[in-house]
Structure formats: C-alpha cells, structure tokens
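Here's the structure we're looking at; comments come further down.
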Amino acid sequence: MVHREILFLIELGEQEIQNNMRVLIILILLSFLYSCQKEDNADHKKYDLKTTLELSNYNISEKKLRDTVKEYAGENKIFFIKGKYDIKNRKKFGWWNVIDKRQVGSSLDIEIIWIDGKEFNNQIIFYRKNKEKDTLRSKFYKTRIIGNSIEYIFYMPNSNSLPKRNLFAYVISDGNKVIFKEMDSCTQSGNQYYYKLNFSKYKNKKILIKGLFTERAFNKEDSTVSINEIFTENIIE
C-alpha cells in the first residue's frame, strides 16, 4: 500500500502544479519510485544485493525474538548475513548485516523496508576495515537536534561529477492528521545534503515527520537519469 503521506504530497501537487514546478518534479520522482528504480552506485551492483540477501542461497540458523519475529543468520562460501524476519508476513525487515568472507573487515549494513508490497533497500552503509562508515560509497541519513530544529544529513554514493538535483518532500502529522507538508531542495556539499526543519510551532506536541529524499544524476552522454532515494521517519516529542 502506498504511504498515506505520499498521497498527501500528490494531492498537494495537483493543487499547486500551475505555479510550482517543484511539484511536477516530485510527481515524476514518485512515478519512478513505484515503477522502475535505478540506483546510482557501482558498489550496489558489484554486490548484487538482491542475490546477496536471498535467503535460499544460505544455510540458515534461526533464533526466536518474539511470537512473529525471528533472527536469521546465514552463511555460504562468500557471505555471512544476519537480520530480522517477519514470520507472519514472510519477509525480511529492519537492518541486515552482510560480511564478505573474501575481504577481511569488509561488511555492510542494509535497512530493508517495504514500499507498495516491494522490498526496498532504504539505507546501505559500507564499512572500511577499521569499521568506520565509508561515506563515499554509502547511502544513508542521520539527524541531529539543534535548538528548535531538526537537521537532516543525507549521504549519497559519490558518482563521478554528473550534474545532480535533489528534493526533500515531507509531511508532519500529530498522530491523527497531517498538519504540514512541504517540498524543498537541500544544501549540497560534495556527496552530502543538508536540510534544517524548524519545529518550534509544534513545541508542545508530539509530531511525526515522514519524508522522501531523492537525488537525480543526469548523464548527458547516454541521456539517462540515475536515482537514489531514502525514506525518513522521525518522532519529535
């Protein structure tokens, strides 16, 4: 099922499309998101994450965490994997760890979410041998609270020097209804993008912020567009 918040963004686009070109961009991005996704990261292709995370390729051991959740650990000749599995719905979810047995100290973490019934690798974090995050190869985000603002920092794989555009679409809800929605571009610095959201007018409320950050890289030589996306979800109390 498409997230209700995304439908609100589409509704916003229909209302403002005559005077806001950013809306047209987000509608195109959403169309890409729910049809064919192409991620601009050679490392992702190198690992072929779909095959890497295919449970049938492993000897699996399991540990029950809750009535409907198990922790799976798998091993084959190349990888160790570990993560959570929803028994009822028969699907992986949350953070999965992958260790490459061919390279000492080589590992990555993958956040799996489900969008419109399809498995989506929302965040992919590569680690160096010293266990530090390799921010030039990874796709992830982090946040920090600064006064009455939350700052988002999005890390995207370093993809040559192709021209890029970005957009952050988000909605704020109070648990019952959407109380604010916006689409805006982030400030870029290298392969990082920054966005500061002021929540001072919601200071006495518990709010939920859900968003979609998208980076598009344009290759003029073959007229293709590579897309990286990250869904975000944060609670402010």
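Hey, can you tell me all the residues within segment 84-123 that are in a strand (DSSP E or B) and either out of contact with any strand residue (DSSP E or B) (no Cβ under 7 Å at 6 or more places or on another chain) or at positive phi (or both)?
Narrowing segment 84-123 to residues in a strand (DSSP E or B): 84-86, 91-100, 107-115, 118-123.
Across segment 84-123, the qualifying residues are G94, I115, K118.
Which ones in segment 181-202 are polar (S, T, N, Q), in contact (Cβ under 8 Å) with a residue 12 or more places away in the chain and assigned to a strand (DSSP E or B)? Before you say what the answer is, go through the steps one by one.
Here is the first cut: in segment 181-202, the residues polar (S, T, N, Q) are 185, 187-189, 191-192, 198, 200.
Cutting the leftovers down to in contact (Cβ under 8 Å) with a residue 12 or more places away in the chain gives us 185, 188, 191-192, 198, 200.
Q188, Q192, N198, listed by residue number.
Considering every residue within segment 172-180, establish whether at least one is part of a strand (DSSP E or B), closer than 16 Å to Y194 by Cβ and among the small types (G, A, S).
Of segment 172-180, the ones part of a strand (DSSP E or B) are 172-173, 178-180.
Subset that is closer than 16 Å to Y194 by Cβ: none.
Scanning segment 172-180 turns up no residue that is part of a strand (DSSP E or B), closer than 16 Å to Y194 by Cβ and among the small types (G, A, S).
Looking at Y170, is it within 28 Å of T224 (Cα to Cα) and either in the same structural domain as E54 (by TED's automatic domain parsing) or modelled with pLDDT of 95 or more (or both)? Break it down stepwise before answering.
Working: within 28 Å of T224 (Cα to Cα): yes; either in the same structural domain as E54 (by TED's automatic domain parsing) or modelled with pLDDT of 95 or more (or both): no.
The answer is no for Y170.
With respect to the numbered conditions (1) within 29 Å of T52 (Cβ to Cβ); (2) in contact with a Leu (Cβ under 7 Å, 6 or more places away or on another chain); (3) of a type outside the set (D, E, K, R); (4) touching a residue at least 24 places away in the same chain (Cβ under 8 Å), which one is the sole condition not fulfilled by F213?
Every listed condition holds for F213 apart from (2).
Only one residue in L136, L162 is touching a residue at least 60 places away in the same chain (Cβ under 8 Å), surrounded by 12 or more Cβ atoms within 10 Å (Cβ to Cβ), not small (G, A, S) and not in a strand (DSSP E or B). Which one?
Numbers: L136 fails: touching a residue at least 60 places away in the same chain (Cβ under 8 Å).
When all the criteria are applied, what remains is L162.
Read through the list (1) at pLDDT 95 or above; (2) within 20 Å of F120 (Cα to Cα); (3) not polar (S, T, N, Q), then give the number of the only condition that K196 fails.
Result: K196 passes all but (2).
I need the full set of residues from segment 94-109 which are in contact with a Phe, Trp or Tyr (Cβ under 7 Å, 6 or more places away or on another chain) and over 14 Å from P157 (Cβ atoms), in order please. Explain how you work it out, then say what you get.
At the first step, the residues of segment 94-109 found to be in contact with a Phe, Trp or Tyr (Cβ under 7 Å, 6 or more places away or on another chain) are 98-101, 107-109.
Selection gives V98, I99, D100, K101, S107, D109.
Going by what's in this entry, would I146 be described as under 30 Å from Y202 (Cα atoms), among the β-branched types (V, I, T) and more than 22 Å from the chain's Cα centre (by Cα)? Full working, then the answer.
On the way: under 30 Å from Y202 (Cα atoms): yes; among the β-branched types (V, I, T): yes; more than 22 Å from the chain's Cα centre (by Cα): yes.
Against the criterion (under 30 Å from Y202 (Cα atoms), among the β-branched types (V, I, T) and more than 22 Å from the chain's Cα centre (by Cα)), I146 qualifies.
Modelled with pLDDT of 95 or more and in the same structural domain as I60 (by TED's automatic domain parsing): is that true of I110 in this structure?
yes
The values are calculated or read from the model by the stated rules, or taken from the named source; none is laboratory data. None of these values were measured; they are calculated from a predicted model. FYI the Cβ positions are ideal-geometry reconstructions off the backbone, even for glycines, and counts take in every protein chain you see.
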